[in-house]
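Written out below as structure tokens is the structure these notes cover.
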Amino acid sequence: MHNWIDLVYKHLGIDLSDLQRFQFQVLQEELQEWNEKVNLTSIKDARGIQVKHFFDSLTCFMGFEDWPESLIDVGSGAGFPGLPIKFVIPDLRLTLVESVDKKSNFIRHIVEELGLTDVTVISKRAEEVGRMPEHREAYDIAVARAVAPAPTLAEYLLPLVKVGGRALMQKGTRGPMEILEAGKVIDLCGGEISDLRRLNFDGIEGEGNLVLIDKLRHTPREFPRAVGIPAKKPILTSEDEKYRKLFDELLNS
């Protein structure tokens, strides 16, 4: 079985320093210890944490044109993908949004334990954060894992991204179809789908997709809608709308 650190270098070109390896080790040990008392994640074994949390988080680097100065992680759970990205980019201004207190408390514990700086943890819903002046259109990158379908995620993420920035969605194998479903809301929120990068690596179990959405225009004030509405009433693409052509182009690229 391949060492996950070697796979990070092989597939992502990231050479982890001794300090970064130590940070990942502490995060792994603390996650396993907390999981015995508080259910933070269903992934509890060392290999699963290394592959499904650490390596998977670092695939976000495939969506960076340059290393960002600021990033917001929405629905961060136990700190993924935000914390691993912060380990690699120590100067990153990082905000982690996690509404479940036991998870946000764990993130705060890790930040304190490792002495991380320029990290903000917010225990609020994404819709609330998207309307806060200090966070609205304030980030180079907004990222989320598969915490909600793409149409809902787009409405969470794009209001937080600067014009000229980018939203990243880490999705599973259904990612391409979700892109089609999200085309309309992405457009309404000022974004444009720029690429779909397949996550399929030798030595890594499973596969997925990284969806790249560029922020071209300011997001209208009505987005995000009130708490719960993006999930309950997602804005879906109609069958006859223009996004199907883009969808076909992405699938065939």
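Details
- Restricting attention to segment 175-207, the residues being among the basic types (Lys, Arg) and more than 19 Å from Met62 (Cβ to Cβ) number 1.
- Within segment 184-204, being charged (D, E, K, R), under 13 Å from Arg217 (Cα atoms) and crowded, with 19+ Cβ neighbours inside 10 Å holds for one residue alone: Asp187.
- Hits in segment 78-100 (condition: out of contact with any strand residue (DSSP E or B) (no Cβ under 6 Å at 6 or more places or on another chain) and not in a loop (DSSP other than H, G, I, E, B)): Leu83, Pro84, Ile85, Phe87, Val88
- Hey, Leu58 in contact with a Pro (Cβ under 6 Å, 6 or more places away or on another chain), among the aliphatic types (A, V, I, L, M), assigned to a helix (DSSP H, G or I) and surrounded by 11 or more Cβ atoms within 10 Å (Cβ to Cβ) or not: yes
- Any hit, segment 207-215, residues being in contact with a Ser or Thr (Cβ under 9 Å, 6 or more places away or on another chain), modelled with pLDDT under 95 and assigned to a loop (DSSP other than H, G, I, E, B): yes
- Meets criteria (surrounded by fewer than 19 Cβ atoms within 10 Å (Cβ to Cβ) and of a type in the set (Val, Ile, Thr)) for Val129: no
- Some residue of segment 171-182 being farther than 21 Å from Pro230 by Cβ and in contact with a Gly (Cβ under 8 Å, 6 or more places away or on another chain): yes
- Check on Val51, touching a residue at least 40 places away in the same chain (Cβ under 8 Å), over 21 Å from Glu98 (Cα atoms) and of a type outside the set (Lys, Arg): yes
- Scanning segment 1-55 for residues that are surrounded by fewer than 18 Cβ atoms within 10 Å (Cβ to Cβ) and basic (Lys, Arg) gives Lys10, Arg21, Lys37, Lys44, Arg47.
The values are calculated or read from the model by the stated rules, or taken from the named source; none is laboratory data. Since the model is a prediction, treat every value here as computed from it, not as a measurement. Heads up, the Cβs are rebuilt from the backbone with ideal geometry, glycines too, and the neighbour counts pull from every protein chain shown.
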